[in-house]
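Since every read-out is calculated from the coordinates, none of them should be taken as a lab result. Not measured: the values here are computed from a predicted model. For neighbour counting, all protein chains shown are included, and Cβ atoms are generated from backbone atoms with ideal geometry for every residue, glycine included.
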Amino acid sequence: LKLVAWGGYGPELDELAVWTRLFNENASNGYAVMRLTRDDKLVVYDGLTQERPEGEFQSFSCVFRPTLMACMRAGVSAISADSTFLPLRPDLNMLVCEGECPSAMSNGLTIVPVANHLCFGESGESYIDMWKFMVDYSDGIAAKWLHGITLHADRGPGGCMASALAHVLPSAIFRSCAFHVWQALERNVPPKDRIDRKLFMTLVDTITQEG
């Protein structure tokens, strides 16, 4: 694997290859793959059909079957997606990859992920890989559900998250999440001209309840 990744994450990527194999040995966990390039060709490693991962790391995707099936059975119609920079968020590094029904605590909220995607940077191409992976998982078991979801997320650099969702799941609905909208307000609007945070959240809650 690439010796220098994310400023020194080489050992973690080796561990990720082992984790991928162990995770996939039990189909009830879900399914995970690592994408690598070797000789300008894409190599997909799942630990089941290849003896060892060889190449330069590109991305990793994983679907957690227990939480995915639970969301589908419960009729969950909205999910959220967020990106994190691993060196800045040690609380979320690989905690989401532990256990059959993983969860992590962040800002007082319990995050129960349906899927996890790791890559070197946000891009439309990488997010397209992620959504296609989820749609194709287990012969498309979640395809119908995914096409009907509303996704709350940051649009990403150049709108890459929104465009990737539209490319793979054209009938899904994209909505900017309140947290990222507020972050944008804080960055771009002076405090004296900015709406009060409490009033902002009241408006968001009102719209959510009505919608």
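Can you list residues whose amide H is under 5 Å from Tyr31's amide H, if they're 5+ apart or on another chain and H is modeled 1.01 Å from N?
Val63, Arg65
Can you list the chymotrypsin sites (Phe, Trp or Tyr not before Pro) in segment 26-71 that are in a DSSP coil and have 15 or fewer other beta carbons within 10 angstrom? Write out the running numbers ahead of the final one.
Working: sites: Tyr31, Tyr45, Phe57, Phe60, Phe64; in loops: none.
Qualifying residues, ordered by number: none.
Say R0 is 30 Å: what FRET efficiency, to the nearest 0.05, do Asn188 and Lys132 get from their beta-carbon distance? Display every interim value, and only then the final one.
Numbers: r = 33 Å, r/R0 = 1.12.
So, using R0 = 30 Å, E works out to roughly 0.35.
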